[in-house]
Amino acid sequence: AMVVAHELAHQWFGDYVTMKWWEDVWLNEAFASYMATVAVQDFLHSDYALLRTVTTTWEDYFRQEDGPRSHPIVSKELPTPEDAFDNTNYDKGEQVLRMLDFYIGREAFRRGLKDYLTRFALENATYQDFFAAMEAASGQNLQPFVNSWLLRRGYPLLAIEQRWDARKKSMFLSWNQRPNHKEDGTIFNFKVPVSFHHVHAPALDAVQTIHIHSKEGTLEIPLQDKPEWTTWNVGGVVLAKIQRAGISEREWSLQALHDPDPLARVAALFELAQPWIDREAKTLNPLSSIASRAMNQALSQDPSPYVRAALLSKFLDAKWARFPDSLSETLLAQARAPSGIPDSDDLGKLWIRTKALMLLGKTDYAPGREYVESVLADGNAGWDMVSAAAIGVARYSDEKAIQTLRAALEKQGSRGYSFRKAVLLAFGSVENVGVTADLRGILDSQDANNEVMTGIILRLHNNQTLKNSPEGAGFIKDFVIQSNRYSDVLKARALEVLEEAREPAVRPVLEEIVHQSSSHRLRELAQKILEKNFSSPAVQ
């Protein structure tokens, strides 16, 4: 549905009105993505589309923006048009449109959009043309918004402090923003919704909109009582990383379990999980009783299946090898039959089951492994379940897992191309250098095509073991240098796997690409990764 809606939207944004040149490709792609989210959310009558869009942006855009390929949305500096088709123009571009929609209001946004499409029908337009229509519709000067979000790269890191004054019955808020690229000095201009909540009487669900357009500021907000928790960035409107000091696990737990906004619940669950997320460890310290209770309750009882799925996805992408034992039983229950989801929401149930199946592969829970392997061996299981079970098996990442995938390739592969592809892609998720031989075998086989190799490369992006090993980096190097069947676009995606690799063994691989690749684009990208991760370029 998201793909179909995106492509249909291009009939207006791309066909009916076309950008004048490549630096404004966001007028095509960001709009098509934005309209797809709006349309699918309305079509499904659920929060699936919005949760998927915002959480994907949090994961994929922030990762790219913090790496060597950061650039403004409107940029004349990109080496080729293909380089503009990235997370900046799709994900950040869509989020900028959501921010603009909120900044000027939905009615003004619709008026401006109608004027823009009418005035430039069957013609070419630029970002200046689009914002001229929005300024006319809203009566606002939007140049500060444009300067910070379109003409400069990056996003704000927003540090928040809050203090309750019982005598005045007021919440005092203070903030300080800085750009993620410190050297840029950008001051971002945006409006952020903030809400105040009380589970217990007296009820309190007050919402305020704060306009942030300076480096720092303070605000006093009168309230009838002290809130039990405060939610910043309601609905995930603003593309910012918000840092809040002094918030207790109890407050995050209340937000995770009781906030009416599903994205606020997701954000709070991510905060409770944060002590684990960036740790690269075989084992983790146990969760606190508050965090464990909140996550178990959210995974089994949250009214939105997509909140549950978002938390499972976050755990899937975490760098640590094994999932906490305290959540394994709940995880298996969700993989078998999620409870509390309306019978009409088959998509929601499927999302929970498949995410849980994949995540079971990061546990040491024997009943969980038995169930995952049984699904992968089931010749009648649906494609979604087979695909998820294949990734789950891959996540166990031992020799038995590799052998199980080889057997599944033969059994499930006989059911047709889509089943065979599902198993092939799972090899890219095995965090064991022993799988490199299988990956090379796939690359040299008749199974290798653009679709299969793209899928494997996408999975290698989250494979911390292979991307930081000489074996995995060597596979990427050979694909980039020797695979003449594939375009530079796909090779660049493969090379981007190494953007977060900082192990010394990866450096000579990048240097070889700089010296040996026949593509200027690929040599330049390898050079950027070297400079970003190893502080010095290769010798030209």
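Given points 7 Å out from each Cα along the Cα-Cβ axis, report the ASP15 to GLN446 separation in nanometres with one decimal.
3.8 nm
Rounded to the nearest 10 Å², what accessible area does ARG244 show when all protein chains are kept and the probe is 1.4 Å?
40 Å²
With an 8 Å cut-off on Cα pairs and a minimum separation of 6 or more residues, tell me the relative contact order of region 316-462 in percent.
Relative contact order, region 316-462: 18 percent.
Where Rh denotes the Kirkwood radius from the mean inverse Cα pair distance, what is Rg over Rh for region 224-363?
My calculation puts Rg/Rh at 0.96.
Sorting check: for 94-105, 400-411, which peptide has the highest mean count of neighbouring beta carbons within 10 Å, and how do the rest follow?
94-105, 400-411
Can you give me the Cα centroid spacing of region 1-31 and region 221-274 in angstrom?
So the two Cα centres are separated by 34 Å.
What is the percent carbon and sulfur in the accessible area of region 407-458, measuring with a 1.4 Å probe over the protein chains and ignoring ligands?
About 52 percent, which is the carbon plus sulfur part of the accessible surface.
Modelled label-to-label distance, LYS532 and ALA245, 7 Å Cα→beta-carbon offset: nm?
My value for the distance between the label points is 3.0 nm.
Applying 1/(1 + (r/R0)^6) with R0 = 45 Å to the Cβ-Cβ distance of GLU399 and PHE43, what FRET efficiency is obtained, to the nearest 0.05? Can you show the working numbers first?
On the way: r = 45 Å, r/R0 = 1.01.
Computed FRET efficiency for GLU399 and PHE43: 0.50.
If you take the beta carbon distance between HIS213 and ASP384 as r and set R0 to 35 Å, what does 1/(1 + (r/R0)^6) give as a FRET efficiency, to the nearest 0.05? Intermediate values should be presented prior to the final figure.
Working: r = 45 Å, r/R0 = 1.30.
In this case the efficiency is close to 0.15.
According to the square roots a ≥ b ≥ c of the eigenvalues of the Cα gyration tensor, what is the shape class of the chain, taking rounded for a/c under 1.5, prolate for a/b larger than b/c otherwise, and oblate for the remainder?
Note, shape of the chain comes out oblate.
Just from its helices, what would the mean residue ellipticity at 222 nm be for the chain, if runs of 4 or more DSSP H residues each count -39500 (n - 2.57) and the sum is divided by every residue, rounded to the nearest 500 deg cm²/dmol?
One gets -16000 deg cm²/dmol as the mean residue ellipticity at 222 nm.
Greater than 26 Å separation of Cα atoms is the criterion. Which listed pairs, LYS362/LYS411; LYS191/LYS349; LYS362/LYS477; LYS226/LYS319; LYS241/LYS477; LYS76/LYS467, meet it?
Values: LYS362/LYS411 24 Å; LYS191/LYS349 35 Å; LYS362/LYS477 28 Å; LYS226/LYS319 38 Å; LYS241/LYS477 34 Å; LYS76/LYS467 31 Å.
Violating the 26 Å limit, Cα to Cα: LYS191/LYS349; LYS362/LYS477; LYS226/LYS319; LYS241/LYS477; LYS76/LYS467.
Using the beta-carbon distance between ALA437 and GLU59 and R0 = 30 Å, what value does 1/(1 + (r/R0)^6) give for FRET efficiency, to the nearest 0.05?
Computed FRET efficiency for ALA437 and GLU59: 0.50.
Using the Cα atoms of region 77-123 to build a convex hull, what is its mean projected area in square nanometres?
4.5 nm²
Please list TRP58, TRP175 in order of solvent-accessible area, largest first, computed with a 1.4 Å probe with all protein chains present.
So the residues, ranked largest to smallest area, are TRP58, TRP175.
Classify region 26-170 from the C-alpha gyration tensor, please: rounded if a/c falls under 1.5, else prolate or oblate depending on whether a/b exceeds b/c.
Working: a/c = 1.44, a/b = 1.22, b/c = 1.18.
The shape class here is rounded.
Mind checking the dipole of the chain: about its Cα centre, +1 per Lys or Arg Cβ, -1 per Asp or Glu Cβ, Debye to the nearest 20?
580 debye
What is region 425-540 by shape, rounded, prolate or oblate, if you read a ≥ b ≥ c off the alpha carbon gyration tensor as root eigenvalues and call it rounded for a/c under 1.5, prolate for a/b larger than b/c, and oblate otherwise?
On the way: a/c = 1.99, a/b = 1.33, b/c = 1.49.
It comes out oblate by the Cα gyration axes.
Mind checking the per residue accessible area of region 126-278 for me, 1.4 Å probe, whole number of Å²?
43 Å²
State the percentage of accessible surface on region 171-231 attributable to carbon and sulfur atoms; use a 1.4 Å probe and exclude ligands, DNA and RNA.
Looking at region 171-231 in its full context, I get 50 percent from C and S.
State in Å² the accessible area per residue of region 1-118; use a 1.4 Å probe, count heavy atoms of protein chains only, and round to the nearest integer.
Heavy-atom SASA per residue in region 1-118 reads 43 Å².
Take HIS181 and LYS169, extend 7 Å from each Cα along the Cα→Cβ direction, and tell me the distance between the two endpoints in nm.
Going by the 7 Å Cα→Cβ label model, 4.8 nm.
The values are calculated or read from the model by the stated rules, or taken from the named source; none is laboratory data. Everything numeric here is computed off the predicted structure, so don't read it as measured data. Here the Cβ is made from the backbone with ideal geometry for all residues, glycine too, and neighbour counts use every protein chain on show. Just so you know, the surface numbers come from the protein's heavy atoms only, side chains and all, with ligands and any DNA or RNA stripped out. Shrake-Rupley method; radii C 1.70, N 1.55, O 1.52, S 1.80 Å.
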